[in-house]
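Asks: First the structure, then my questions, so here it is.
Read the figures in this text as sums done on the coordinates, not as results from a lab. What you see is a predicted model, and the numbers here were worked out from it, not measured in a lab. No Cβ is skipped: glycine too gets one built from the backbone with ideal geometry, and neighbour counts run over all protein chains shown.
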Amino acid sequence: MTHAALRCAWLAAGLALAAATPAAQAQSLKIFGSGSTAYDVSANGTVTYTLGGSNYLWSLVTDSSTAIGGTAVGTAGVAGRLLISADGTRVAGSTLNTTTGKYVSSYYSTSTGTWTQLNGLGGSSGNNALTTWDMSSDGRYIVGNSYTAVGNYLHATISDAVTGATIDVGQPGNVQSRVNAISTNGQVAIGYSSSSRYGSIWRDPESDGSYAQTIVTHPVGGNSASEGRTVSGNGLWAAGASFNTALPYLVNVATGVVTTFPKLPFNDGSPSMKSTASPSAISEDGLTVIGTHSIGGTLDTNYGFIWTASGGVLDIDSHFALNGVDTANAYNFVSPIGMTVQADGSTAYVGIALQRATGAAVGFFVNIPSAVPEPASVALLLGGLGVVGFVTRRRRCRPLVPSPRQA
């Protein structure tokens, strides 16, 4: 039997196992419009997404979308993401400050339907004055970067929606930095410093705004680890990408110990496996990480992955299929961005997928109940079939449909 046939047999066996569990029938998949991006999801199933230059909220309960105004990421050069608090009452994004003509980080109240703008550090470049890259799960802290009033340097920032203050946590002078994620209590943040994007952790254990910054050292080669991407809500775990080794890394924030985990076990034409695996979300216990294995720098050369401490790394297409999602193989889930445990214990994922039939990029929402096969089950299945070394992308079990860019 060929490796491809073995892989397909493995997937069929996994789907049969998933179908045998009652909870597997309760998962759900929602696809948003062509060109959309789903960024975040609350614990009650409310998703933030952009489409056609506008910001939207979609509700799992009502299966309906609501436009919320603001300025969508990618519009007029606006950078960042569109976030939502765990309880679904606050959204963080960007709006135009009509006085300065610059875009600033802002937050939206779902109860009043209004945006409140935050202030940057006094400088700007292009259209951006203060960017939004993450928000604490309680909606209080919003992080990103801003340009300083003196020197117009791009520095990491943490804004407090309660006090309205934005503080500069970057290194002095012309050292570029950004905060990419922050814990719920605002005491731990992660991001990068310098144009080389050294992984950085900022800590404020006293919650008095006096953040101390440390550079993360990668365990392979002893070099500075690259950009920190995500931190758990409790601030105990963080994860990032290494541009030097291309291996994603985990940080135990309390001890400072850094470990790596492997990329997806296939090459797909990437020279010497030098492509980068970038985490985008991490669980509270640090035992699950999702992200993107980027090979060619375009969506159609990306591979979404999920890593668990118990089951190792697996492409997220196969993880979804094993849990009863998209068993018709209609989508390639190339860029998972957000992951949130729902109030009922299920896990919701959001991000970007590609439609196999058209190659169009679409935002997605996937919800998987807790009592379904996890990646550890995948390892058992692979062991039984004798193909542990050949885990691969689910779409290889059938011919690829070229995207318009490949045609």
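Asks: Could you check how many percent of all C-alpha pairs in the stretch 68-260 are farther apart than 31 Å? Show your work: numbers first, answer last.
Replies: On the way: 2583 of 18528 pairs.
For the stretch 68-260, the share of Cα pairs beyond 31 Å comes to 14 percent.
Asks: Okay, next question. Hey, got the Cα dimensions of the stretch 70-149 along the principal axes, in Å, largest first?
Replies: Cα spread of the stretch 70-149 along its principal axes, largest to smallest: 34, 20, 20 Å.
Asks: For Val341 and Ser34, calculate 0.36 nm times their separation in residues minus their Cα-Cα distance, and state this gained length in nm to one decimal.
Replies: Values: separation 307, 0.36 × 307 = 110.52 nm, distance 2.64 nm.
Full extension from Val341 to Ser34 adds 107.9 nm.
Asks: May I ask you to list the residues of the stretch 155-171 whose amide nitrogen lies under 13 Å from a point 7 Å from Cα along the Cα→beta-carbon direction of Ile215?
Replies: Correct set: 171.
Asks: Full-extension gain between Asn234 and Asp160, please, as 0.36 nm times their residue separation minus the C-alpha to C-alpha distance. Before the final figure, lay out each step's value.
Replies: Details: separation 74, 0.36 × 74 = 26.64 nm, distance 1.78 nm.
Fully extending the segment from Asn234 to Asp160 adds 24.9 nm.
Asks: Among residues other than Tyr153 whose Cβ falls under 14 Å from its Cβ, what is the net charge (Lys/Arg +1, Asp/Glu -1)?
Replies: On the way: positive: Arg178; negative: Asp168.
Around Tyr153, the charge tally is 0.
Asks: Full extension from Ser207 to Phe243: what is 0.36 nm times the residue separation minus their Cα-Cα distance, to one decimal in nm? Walk me through the numbers before you get to the answer.
Replies: Details: separation 36, 0.36 × 36 = 12.96 nm, distance 3.19 nm.
Result: 9.8 nm gained on full extension.
Asks: Dipole size in debye (nearest 20) for the stretch 68-260 around its Cα centre, Lys and Arg Cβ +1, Asp and Glu Cβ -1? Please report the intermediate quantities before stating the final value.
Replies: Values: 8 positive and 9 negative charges, 81 e Å.
For the stretch 68-260, the charge dipole is close to 380 debye.
Asks: Separate question: Please compute the Kirkwood hydrodynamic radius of the stretch 184-247 from all pairs of different C-alpha atoms, in Å with one decimal. Don't skip to the end; give the middle numbers.
Replies: Working: mean 1/r = 0.0834 Å⁻¹.
Result for the stretch 184-247, one decimal place: 12.0 Å.
Asks: Residue by residue through the stretch 34-46, which ³J(HN,Hα) values in whole Hz follow from phi under the Karplus form 6.51 cos²θ - 1.76 cosθ + 1.60 (θ = phi - 60°), with glycine and proline marked x?
Replies: Karplus values, whole Hz, x for Gly and Pro: 4, x, 7, 9, 9, 9, 7, 9, 7, 6, 10, x, 9.
Asks: Among Ser278, Ser146, what is the fewest-to-most ranking by other Cβ atoms within 10 Å?
Replies: The order, fewest Cβ neighbours first, is Ser278, Ser146.
Asks: Would you mind counting up the charge near Thr48? Only other residues with Cβ under 10 Å from its Cβ, with Lys and Arg at +1 and Asp and Glu at -1.
Replies: Counting the neighbours of Thr48, the net charge comes to 0.
Asks: Could you please report the charge total around Ser210, scoring K, R as +1 and D, E as -1 over all other residues with beta-carbon less than 13 angstrom from its beta-carbon? Spell out each step's value before the answer.
Replies: On the way: positive: Arg203; negative: Asp168, Asp204, Glu206, Asp208.
Net local charge, Ser210 excluded: -3.
Asks: Neighbour counts of other C-beta atoms within 10 Å: give me Leu287, Leu322 arranged from fewest to most.
Replies: Working: Leu287 14, Leu322 28.
Least to most surrounded, the residues fall as Leu287, Leu322.
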